[in-house]
Amino acid sequence: MFVYVKGITLPEAWEKSIVEVWKKGIIVDTEYGERSKDISIAIEVENPFVEPRIHLKGIVAGKLKGLFEYVDEVVKGIHDDKVKEYGYTYHDRLFNYTVGVNLIDIPAKGSKVQFKARTNQIDYIIRKLKEAPYSRRAQAITWKPWIDPNSEYPPCLQRIWCRVINRKLVMHVHMRSNDALKASFMNMFAFTELQRYIAERLGVEVGYYLHIADSYHIYENDWKWAEKFVGQIESGKSRRFWMETEHFKKIAVRSC
């Protein structure tokens, strides 16, 4: 089952996606020993920077300022020093993609040297779209087929694709897997901040954001929470959890 939802703001689009997976998702087994409700989805956010941008129900970082720390992890790489511990970070894969270590012969010296090929894919997107705003090639990937298939927790984000349309940067994000309740809102919030980062360097405005997930799911342990949340969404009561970013920042700082 594939569904498409559209909202003007991040909270609106996210809520619509939760309703869809709850009502239309199929029950499947998972590799973590519990079932999930699962659906394939495309979520379009028409104006990702229109306020309110915050949905309190979507922030599951343990502390309120964790949302902004996650943004800094994706956009600024504040946790790149922990790549060996974590296995990857999105920032490292996007800004510092490494294809591996090769041994290269140096005949004149009769020895070999190690070489790592690194690519800043976000810089490439910016350069490409400055050269050809209409290009179909402005993309970045995360998957490393020589590493990730053997990882217990491989990256969920797979690819980012960008294009400038009518002087606005649009971004499509492709996820192989996305926890609808406990990850997707923070993912979308952070990736739209990356979208803004690229748009500012191109000197254009931010356009729509499209979030595509092959497996958009709610784990069985969260079904009661999801059912209650869907009821709040359908009654309109969930809107009390929507908040403007500056207001949320003040609360987050005070909670530290």
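A few points about this structure:
- Taking 125, 27, 212 in turn, the Gaussian network model of the chain (Cα-Cα springs below 10 Å) assigns the largest fluctuation to 27.
- Gained length - residue 201 relative to residue 135, 0.36 nm times residue gap less alpha-carbon distance: 22.1 nm
- DSSP finds beta bridges in the chain, and of those with both partners inside it, around 70 percent are antiparallel.
- For segment 17-104, GluC sites (Glu not before Pro) are listed when DSSP marks them as loop and at most 10 other Cβ atoms sit within 10 Å of their Cβ; the list is 31.
- The chain, accessible surface, carbon-and-sulfur percent (1.4 angstrom probe): 50 percent
- Taking each of 76/144; 76/237; 76/128; 82/130; 82/168 in turn, the alpha-carbon distance tops 25 angstrom for 76/237; 82/130; 82/168.
- When you filter the trypsin sites (Lys or Arg not before Pro) in segment 12-66 for DSSP loop state and at most 12 other Cβ atoms inside 10 Å of their Cβ, you are left with 63.
- Counting only protein heavy atoms and a 1.4 Å probe, the chain has 53 square angstrom of accessible area per residue.
- A Förster distance of 51 Å, applied to the separation of the beta-carbon atoms of residue 1 and residue 51, puts the FRET efficiency at 0.95.
- Projecting label points 7 angstrom from Cα along Cα→Cβ for residue 119 and residue 72 puts them 3.0 nm apart.
- Cα-based helix-to-principal-axis angle, 223-235 vs the chain, degrees rounded to 10: 60 degrees
- For the chain, size of Cβ-based charge dipole, Lys and Arg +1, Asp and Glu -1, in debye: 640 debye
- Projected label points at residue 253 and residue 84, each 7 Å from Cα along the beta carbon direction, are separated by 3.7 nanometres.
- Charged-residue dipole, Cβ positions (Lys, Arg, Asp, Glu), segment 153-256 about Cα centre, Debye nearest 20: 300 debye
- Net charge over other residues, Cβ less than 10 angstrom from the Cβ of residue 75 (K, R count +1; D, E count -1): -1
- Loop-located trypsin sites (Lys or Arg not before Pro) in segment 154-249, at most 12 other Cβ atoms within 10 Å (DSSP): 167
- Other residues whose C-beta falls under 12 angstrom from the C-beta of residue 154 contribute a net charge of 0, scoring Lys and Arg +1 and Asp and Glu -1.
- Under-5 Å amide H pairs with residue 25, H placed in peptide plane, nonlocal only: none
The values are calculated or read from the model by the stated rules, or taken from the named source; none is laboratory data. Just so you know, these numbers come straight off a predicted model, no measurement behind them. For neighbour counting, all protein chains shown are included, and Cβ atoms are generated from backbone atoms with ideal geometry for every residue, glycine included. Quick note on the areas: whole protein, heavy atoms, side chains included, nothing else; ligands and nucleic acids left out. Shrake-Rupley method; radii C 1.70, N 1.55, O 1.52, S 1.80 Å.
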